[in-house]
Amino acid sequence: MKLHSVLLLLVLALIAAFAALNWGVFLSPTELSLGYTTVYMPLGVIMLGLLVVVTTLFFAYIAYLQGSVLMEARRHSRELQANRELADRAEASRFTELRAYIESESTKQSIQNGDSKDQVLARIDKLEHEFQSYMEQSGNTLAAYIGELEDRIEKISIPHSER
């Protein structure tokens, strides 16, 4: 139990004890003025009745406040749960979008890698063809030089053999 509840019960118990100890005085009638008339009634009982009415109203107000706080807490809890579910769905949506983005970028990278590979292979083929062409030209040039040297050697050796 909370401290204020204990204090409230203690005060009510003290009032009840006071009323019980002085019950005879509470029941003694007194002349009371109501403004337009006077009546002869026990003042203690009237005051106790007013105390009971005020206490009852106080407890009703406390019950109303607690009920409204509970209703507000439930409403906030439902809103929080709805917002949590919305955030979870948004997060799942972001994950899905991220996955799709990563897959599309991966596909783009694969295509770019394929294109780059094709370009590199085409360039290697071109360089190989150019190298073969250069080698053929070099071989032809070398063969021509060797043929020319053979012709020169034959021309030089034919006149020596005739001598």
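All of the numbers you see were taken from the coordinates with simple rules; none came from a lab. Predicted model, so just to flag it, every value in this text is computed and none were measured. Neighbour counts are summed over all protein chains in view; Cβ atoms, including those assigned to glycine, are modelled from backbone coordinates with ideal geometry.
Summary of computed values
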| quantity | calculated |
| --- | --- |
| With Cα atoms, 0 to 90° folded angle of helix 3-21 axis to the chain main axis | 10 |
| GNM result for the chain, Cα springs below 10 Å: residue of 151, 118, 88 fluctuating most strongly | 151 |
| Neighbour net charge for residue 118 - beta-carbon separation under 13 angstrom, K R +1, D E -1 | +1 |
| Whole-number percent relative contact order across the chain, with pairs defined as alpha carbons under 8 Å at least 6 apart | 8 |
| Charge context of residue 97, other residues only, Cβ under 14 angstrom, K/R +1, D/E -1 | 0 |
| Answer label, with Kirkwood radius over Cα pairs in Å calculated from the coordinates and candidates (1) 15.5; (2) 16.3; (3) 28.8 | (3) |
| Surrounding net charge for residue 72, when Lys and Arg each add one and Asp and Glu each subtract one, Cβ distance under 12 Å | +2 |
| The chain: calculated mean residue ellipticity at 222 nm from DSSP helix runs of at least 4, using -39500 (n - 2.57) | -33000 deg cm²/dmol |
| Additional length obtainable on full extension of the chain from residue 47 to residue 103, 0.36 nm per residue less Cα span | 11.9 nm |
| Cα centroid of region 1-47 to Cα centroid of region 73-94, whole Å | 54 |
